[in-house]
């Protein structure tokens, strides 16, 4: 039977209620498991704190090892003022020992529960409640059962922290307390390359649905805990329903001469990859795209993993684009995230928030290859991330451009190199160097345009200082000394050749 | 804080006569709501039983700490009463006494003189009484 929303106790911890499908059924006994340093005390305390602060539910915190003044100090660093709540009689922090606590819960007139009643407590957090009560399994089960009964009698929603060192590994027997608890939440510190990531997993939760798997979380100064749903987890249904582009509205590219190659622009909600080796002009093209949005008063977001914002602004200035006024007006946002040790759930959450806040029509991601090197292209993580990103953009009907560095200097043997994901992409524009005589010239070919007629003729581009990029007309005037691309074939192969002169009848 | 100011503060605090009183009060400052047995409290304090009991009864009598009334139970709930003295005096005193140097200064003021004379904090009061 589904739990009514009103019966759910919201934790108030950022992101946690979303993976709990709204909260935890009232009066559940929640076992919070994890090794030392995984964040159990912080999470349990914040559960009670948020209850009192945000939902009008007073609470009790019971500690055994931590002294209450240190707990208050530590939580103050996370933006939680426990002493103030105590002064307002909305919180009590009680220091005791496990022996006393066990005896208390076996008493019908428990002092501890009497204290809870005095302030009308609805939540309780017991830090280190279980696990160390008993020496053998039978008595441990029994004592935990007594504890659960005592808490249930008072209709308290209880979080009981349990230290379990073995939980940082995947193996290990399950704890007998887990079978008695209504909800089991497991916190871990996971190694990722040479970094460590905090993860949270809802192992079980009676009476409601929740999102399984390991999600990430962070403990942030002045903010407390933030949980980030794992990037692979399904989002709201509207995201899937919207996962198609608007086939009627086009977004202009901003590069002179390019719109005619892409039938007037990219569709709203479409995914476009600009593929080419470093230096070929992908970022320049993307800057034109953002500048065009600014010119039209459309909101844009550029997310860079390769270059920091001042560098992006300098690059733009060098091709005659001044983005600062648009940034000042709030219609352009440039955001840099360092690719080292990128934590993908957190990173994706940040992009989601920016998209929801800015509501851009245009987004540029620079670049996919940097994600690839940070996440590894062979595993599922990168593909799942890219998939989630595309779905997010489609849900918000954003025309998104992804720069992708294709490592091949001349010619192309595949559209997206080791990223075997071209099927996810609507449009692919190939930017390529072509060596003609003693000069590297720049070629642009539309490799793919979903739901569009495609002209795959390679066109020459040029990037001019202070002016930017433009796509040259296919037929250049004879006055131009160099021969036009139409005079060659095999341009994006490794060996272009000059066409033989065409018979007059064909001209 | 100057020693004179600390002495003046102590003069307005009944029930603080011994280092054990200070340490027990600081324990309750750090654990303002403690559910413990008497034995556990004595063990945490680290003083002789007699002194610990004396200190505890002194703090309760002074109104600095309340103790739950259920003699049948081994554990009692002790609650620090920070507003037991006017003008936040107890809070201010505890902020000092909870620091290492502050505790030392307080204990020095409470020490009896080597010749058996009253503690430094009481000498001034005694001389005032004599004059009166």
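The values are calculated or read from the model by the stated rules, or taken from the named source; none is laboratory data. Worth saying up front: this structure is predicted, and the values here are computed from it rather than measured. Note that each Cβ is placed from the backbone with ideal geometry, even for glycine, and that neighbours are counted across all protein chains shown.
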(request) Return yes or no: is residue B:92 more than 10 Å from chain A (Cβ to nearest Cβ) and either more than 30 Å from residue A:107 (Cα to Cα) or within 10 Å of the chain's Cα centre (by Cα) (or both)? (result) yes
In the stretch A:416-438, residues that are assigned to a strand (DSSP E or B) and at pLDDT below 85 total 2
State whether the residues of the stretch A:350-362 include one that is in the same structural domain as residue A:335 (by TED's automatic domain parsing), in contact with a helix residue (DSSP H, G or I) (Cβ under 6 Å, 6 or more places away or on another chain) and farther than 26 Å from residue A:19 by Cα. yes
_Any chance residue A:259 is free of Cβ contacts under 8 Å to residues at least 12 places away in the same chain and within 22 Å of residue A:459 (Cα to Cα)_ = yes
In the stretch A:72-85, anything at the interface with chain B (Cβ under 10 Å from one of its Cβ atoms) and in contact with a strand residue (DSSP E or B) (Cβ under 8 Å, 6 or more places away or on another chain) is listed as A:72
Counted residues in the stretch A:117-128 being more than 12 Å from chain B (Cβ to nearest Cβ), over 34 Å from the mean Cα position of the chain (by Cα) and either part of a loop (DSSP other than H, G, I, E, B) or crowded, with 20+ Cβ neighbours inside 10 Å (or both) come to 2
When the stretch A:88-115 is checked residue by residue, the ones that are assigned to a helix (DSSP H, G or I) and more than 9 Å from chain B (Cβ to nearest Cβ) are A:98, A:102, A:105, A:113
Residue check, residue A:61 under 33 Å from the mean Cα position of the chain (by Cα), modelled with pLDDT under 95 and in the same structural domain as residue A:198 (by TED's automatic domain parsing) = no
Listed by range, helices (runs of 4 or more DSSP H) wholly within the stretch B:16-78 having at least 1 residues that are more than 15 Å from the chain's Cα centre (by Cα) and within 14 Å of another protein chain (Cβ to nearest Cβ) are B:38-45
Screening A:64, A:47 for residues that are buried (at least 24 other Cβ atoms within 10 Å of the Cβ) and closer than 28 Å to residue A:189 by Cβ leaves only A:47
Please verify whether the stretch A:294-308 includes one or more residues that are under 30 Å from residue A:226 (Cα atoms), within 23 Å of the chain's Cα centre (by Cα), modelled with pLDDT under 95 and part of a helix (DSSP H, G or I).
no
